[in-house]
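One structure below.
The values are calculated or read from the model by the stated rules, or taken from the named source; none is laboratory data. As the structure is a computational prediction, the values presented were derived from the model and not from experiment. Cβ coordinates were reconstructed from backbone atoms using ideal geometry, including for glycine residues, and neighbour counts include every protein chain displayed.
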Amino acid sequence: MSDESEQELGITESKEHNTGEWYAEVVQKAELADYAPMGGFIVTRPRGYAIWERIKSALDGWFKETGVTNTYFPMFIPESYLEREKDIVEGFDPEVAWVTHGGHNELEERLAVRPTSESIIAPFMAQWTRSHRDLPMRLNQWCSVVRWEATETKPFFRTKEFLWQEGHTAHHDQEGAWEETMIRLDQYERVYEDVLAMPVLKGRKPDHDKFPGAHTTTTVEALMPDGKSVQGATSHYLGQSFAEAFDITYVDADENEQTAHTTSWGLSWRVMGALIMTHSDDQGLVLPPTLAEKQVVIVPIWQEENKDEVLSYAADVEAELAEAGVRVHLDDRDNRNPGFKYNEWELNGVPVRIEIGPNEVDEETVTFVHRPDGENVAAEFEGVGETAQEQLDTVYAKLYASAEETLDGEIREATSRNEILGTIGQHGGYVKCGWCGDEACEGEIKDQIAAEIVMVPLDRDEEPVHDECAICGDEATETAYFAKTY
């Protein structure tokens with residue numbers, strides 16, 4: 001490979017100064033995704049899909065532990081089904097992709113390519129629910145959805161088709177449905193904090209920004225290093241609106257017919273965009289050990305006279321790590337020098353590198369190098385599997401601490417329109433203020449600086465941070481968190 005080709009492997013854009021271009025370069029050069037020939041779509045490469053699979057595996061396990069069963073519904077939804085819930089039509093109609101022909105024949109009824117599945121899942125939940133003994137019913141599907149809104153593609157953050165999970169549940173009463181809503185919100189917080197090494201804020205969306213037809217939309221919000229917020233996942237208490245529209249009823253223990261309370265909740269591969277944006281750097285992708293396909297790469301360093309000894313020792317280290325459950329790879333290619341290998345594995349996000357040369361062989365040691373900051377740690381061969389796990393835990397803690405530092409101090413208060421505009425304009429991050437509840441006040445900020453209310457506190461009875469709305473001066477009814485968003 002030529003020097004020019006090797007140079008092309010590296011990241012050339014700056015995360016700090018050209019965030020968008022840097023992000024796109026990391027996604028492509030770390031082989032996570034490519035752009036599809038149709039505008040607004042991407043091709044997810046094996047390394048990218050493997051990250052999604054690990055996120056999916058963690059969540060799916062937690063869902064099943066809490067009574068959820070997986071299912072799958074058709075990707076095509078009859079137009080008449082969408083029309084049964086007018087709020088869904090109003091909310092999604094501009095984004096819906098329609099199928100009008102099957103082969104050469106025009107269809108009698110248009111079919112929507114699912115933008116979300118309430119309108120096809122709810123009718124079947126109604127069929128399957130007869131008695132109070134059928135509840136709670138907890139269904140989830142892993143699938144893709146299509147929303148024809150994206151004009152500028154940002155892989156994983158904004159594409160016309162994206163992968164997600166959508167859970168749909170029915171319950172006897174409001175208490176059970178609200179508890180479900182919170183269980184899922186807590187699990188979304190858990191996946192960010194325990195799998196992605198990212199702290200998040202929990203809240204709910206203001207009424208004008210909640211899911212169409214929902215009673216309450218709750219959210220987890222993640223702050224990116226450039227000061228913008230990402231809606232990380234949402235969990236909706238739908239009340240009885242969908243149950244009434246689709247006749248999800250049950251006969252209670254007293255033989256009285258009751259209308260169920262329902263929820264829906266989802267996390268999309270936007271989580272991967274947040275992951276990449278948060279941890280990666282100008283050397284390329286940075287992954288927490290929980291998500292890395294290879295957690296440790298061993299790079300042997302040899303001269304011809306000691307090659308066999310170095311490679312044999314490196315293989316012994318590899319075997320010890322594999323035995324300890326570490327996902328390890330021994331890079332023994334002889335057509336690449338160690339420096340090239342270091343750069344390549346850094347670009348691909350491997351959390352820990354082990355360097356083994358003649359000195360390590362002679363001293364029966366290994367040298368660990370942490371991907372996030374290049375810290376070197378020398379350790380004995382004896383117990384190397386346990387030591388490797390400790391190093392991986394340390395790397396995870398470093399990533400979480402860095403993300404937490406990004407969030408800490410980035411929640412500021414404001415008492416006036418100018419303070420909101422100035423603070424977001426200068427610092428980014430979250431600005432919390434008193435808010436009267438009028439969407440028009442948010443509109444004034446959005447029009448001037450493209451920031452919006454990303455959430456309000458979960459507790460509806462929580463006292464506003466200030467007595468007056470920072471925008472209009474009327475009495476504040478709650479606290480609003482403004483931020484620019486992805």
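Of note:
- Hits in region 398-412 (condition: small (Gly, Ala, Ser) and either touching a residue at least 24 places away in the same chain (Cβ under 8 Å) or under 12 Å from residue 373 (Cβ atoms) (or both)): 401, 402, 403
- Residue, surrounded by the fewest Cβ atoms within 10 Å (Cβ to Cβ), within region 461-471, restricted to residues that are without any contact (Cβ under 8 Å) to a residue 40 or more places away in the chain and within 24 Å of residue 218 (Cβ to Cβ): 461
- Cross-chain or 6+ apart pairs with Cβ under 7 Å, region 351-379 first and outside the structural domain of residue 304 (by TED's automatic domain parsing) and at pLDDT below 95, then surrounded by 22 or more Cβ atoms within 10 Å (Cβ to Cβ) and among the hydroxyl-bearing types (Ser, Thr, Tyr): none
- Residues of region 161-175 classified as of a type outside the set (Phe, Trp, Tyr) and part of a strand (DSSP E or B), total: 9
- Top-ranked residue in region 387-416 [being under 17 Å from residue 286 (Cβ atoms) and hydroxyl-bearing (Ser, Thr, Tyr); ranked as modelled with the lowest pLDDT]: 406
- Any hit, region 423-432, residues being crowded, with 19+ Cβ neighbours inside 10 Å and either closer than 23 Å to residue 292 by Cβ or in contact with a His (Cβ under 8 Å, 6 or more places away or on another chain) (or both): no
- Condition met for residue 263 (surrounded by fewer than 24 Cβ atoms within 10 Å (Cβ to Cβ) and in the same structural domain as residue 193 (by TED's automatic domain parsing)): no
- Among the candidates 49, 72, residue that is modelled with pLDDT of 95 or more, aromatic (Phe, Trp, Tyr), in the same structural domain as residue 226 (by TED's automatic domain parsing) and within 20 Å of the chain's Cα centre (by Cα): 49
- Residue within region 296-312 that is out of contact with any Gly (no Cβ under 7 Å at 6 or more places or on another chain), hydroxyl-bearing (Ser, Thr, Tyr) and crowded, with 17+ Cβ neighbours inside 10 Å present: no
- Qualifying residue in region 366-375 (condition: loosely packed, with under 15 Cβ neighbours inside 10 Å and farther than 26 Å from residue 191 by Cα): yes
- Among the residues of region 229-265, the ones that are within 30 Å of residue 196 (Cβ to Cβ) and touching a helix residue (DSSP H, G or I) at 6+ places or on another chain (Cβ under 9 Å) come to 13 in all.
- Residue in region 135-160 that is farthest from the chain's Cα centre (by Cα), counting only those that are in a loop (DSSP other than H, G, I, E, B) and hydrophobic (A, V, I, L, M, F, W, C): 135
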